[in-house]
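Reviewing the structure listed below.
The values are calculated or read from the model by the stated rules, or taken from the named source; none is laboratory data. Note that the structure is predicted; figures quoted are calculated from it, not measured. Don't worry about glycine lacking a Cβ; one is built from the backbone with ideal geometry, like all the others, and counts go over all protein chains shown. What goes into the accessible areas is simple: the full protein's heavy atoms, side chains included, and nothing from ligands, DNA or RNA. Shrake-Rupley method; radii C 1.70, N 1.55, O 1.52, S 1.80 Å.
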Amino acid sequence: MELLLIENAHLRMRVNPQGGGLQELFSFTHGQPVLWDEGDSALFPMVPLANRVAGNRFAFRGREITLPQSPVDERFFLHGDGWQARWQVASRTDTACVLTLRRQHDCGFDYQASLRYRLCEHVLHAELKLTHLGPQPMLYGLGFHPWFYFDARSRLQFSASGYWPEGEHHLPLGWQSKIPSDMDFSTARQGSDRWLNVGYSGWNGVAIIERDVMRVTIAAQTPWLMLFRMRGKSFLCLEPQSHPVNAHNMAGQPGLVVLRPGDSTCFTMEIAVESAC
């Protein structure tokens, strides 16, 4: 499928309607890529849920909801289905585009989603909106999954109040308030070159990556941030999401929203690319 080329004087992005994600985000100002892509996606939307749900099922209003099977994961409806689906191009300009997606599942997910990417000077604005169209209320969550360039010259900084260690099948263990030093990025650091796949709570909504002369600021209005990293790879995923991993099976189902027929929810993220001081 043909990619949509969207650019201004500062940034260039290529949007792929297959999956609704970005294949590229490049800074003209710094002459280097912002996002990392090995051919699949450099950024994709997570809809109608983020990450994984234990047992691929959860209880909701006296019913047991069994989630759909995923074509990419045998255990989980991984990151939902939006990133595996073909989106329709609703509108496009030189600096913005809007994609739409209509999905229905027997479990109760029945939604219309819209995805807007817009470049405004040195900032990428991403907005994901979902409207529930099913006859019965349903539980929803949203997020974004960007892959940032991150090598030995890079530094990461963000604040959080606690985290969930990774357990079996990449599901979270019990929440802990004391963050180990190799997972603590409250001060800017490169960190250890090793596998990390942990969720943070109490995030202040801002994370900063500095690489050479470029500073990338990720901003989202949510207290939950997922960090994913692999040994020997030049990327770092920072995934703002509306709920923690496996929130569907946590007390109170934190961050998830119940939508009645016709109700909507929205999630936004900004990626600002500036020069480091």
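Of everything in region 181-220 that is among the aromatic types (Phe, Trp, Tyr) and buried (at least 16 other Cβ atoms within 10 Å of the Cβ), the residue that is nearest to ILE271 (Cα to Cα) is TRP203. On inspection, LYS178 fails the criterion of being more than 14 Å from MET230 (Cα to Cα), open to solvent by 30 Å² or more (accessible area, probe 1.4 Å) and touching a Cys at 6+ places or on another chain (Cβ under 8 Å).
I'd like to verify a number: residues in region 141-167 that are in a loop (DSSP other than H, G, I, E, B), under 17 Å from PHE185 (Cα atoms) and open to solvent by less than 10 Å² (accessible area, probe 1.4 Å), how many?
Taking region 141-167 and keeping what is in a loop (DSSP other than H, G, I, E, B), we get 141-142, 150-153, 159-161, 165, 167.
Retained after the next criterion (residues that are under 17 Å from PHE185 (Cα atoms)): 150-153, 159-161, 165.
Now narrow it down to the ones that are open to solvent by less than 10 Å² (accessible area, probe 1.4 Å): 150.
The qualifying residues number 1.
Cβ-Cβ contacts under 9 Å between residues 6 or more apart (or on different chains), taken from a first residue in region 249-269 that is farther than 14 Å from VAL47 by Cβ to a second residue that is of a type outside the set (Gly, Ala, Ser) and open to solvent by 60 Å² or more (accessible area, probe 1.4 Å), are listed as ASN249/ARG57; VAL258/ARG61; ARG260/GLN136; PRO261/LEU133; PRO261/PRO135; PRO261/GLN136; GLY262/LEU133. Name the residues in region 99-109 that are assigned to a strand (DSSP E or B) and open to solvent by 20 Å² or more (accessible area, probe 1.4 Å), would you? Scanning region 99-109 gives THR100, ARG102, ARG103, GLN104. When the residues of region 104-133 are filtered to those that are within 19 Å of the chain's Cα centre (by Cα) and of a type in the set (D, E, K, R), the one that is nearest to VAL53 (Cα to Cα) is LYS129. Listed conditions (1) in contact with a helix residue (DSSP H, G or I) (Cβ under 9 Å, 6 or more places away or on another chain); (2) in contact (Cβ under 8 Å) with a residue 24 or more places away in the chain; (3) of a type outside the set (A, V, I, L, M, F, W, C) are all met by SER192, apart from (2).
One line per residue, one yes/no per condition, for (1) part of a loop (DSSP other than H, G, I, E, B); (2) over 15 Å from the mean Cα position of the chain (by Cα); (3) modelled with pLDDT of 95 or more; (4) of a type in the set (S, T, N, Q):
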{"position": "VAL198", "(1), (2), (3), (4)": "no, no, yes, no"}
{"position": "ILE208", "(1), (2), (3), (4)": "no, yes, yes, no"}
{"position": "MET226", "(1), (2), (3), (4)": "no, no, yes, no"}
{"position": "ARG231", "(1), (2), (3), (4)": "yes, yes, yes, no"}
{"position": "CYS237", "(1), (2), (3), (4)": "no, no, yes, no"}
{"position": "PRO240", "(1), (2), (3), (4)": "no, no, yes, no"}
{"position": "VAL245", "(1), (2), (3), (4)": "yes, no, yes, no"}
{"position": "ALA251", "(1), (2), (3), (4)": "yes, yes, yes, no"}
{"position": "THR268", "(1), (2), (3), (4)": "no, no, yes, yes"}
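Looking at region 179-189, which of its residues are part of a loop (DSSP other than H, G, I, E, B) and either closer than 13 Å to SER159 by Cβ or touching a residue at least 12 places away in the same chain (Cβ under 8 Å) (or both)? The answer is ILE179, ASP184, PHE185, SER186, THR187, ALA188.
Residue count for region 34-60, restricted to those that are open to solvent by less than 40 Å² (accessible area, probe 1.4 Å) and either in a strand (DSSP E or B) or touching a helix residue (DSSP H, G or I) at 6+ places or on another chain (Cβ under 9 Å) (or both): 16.
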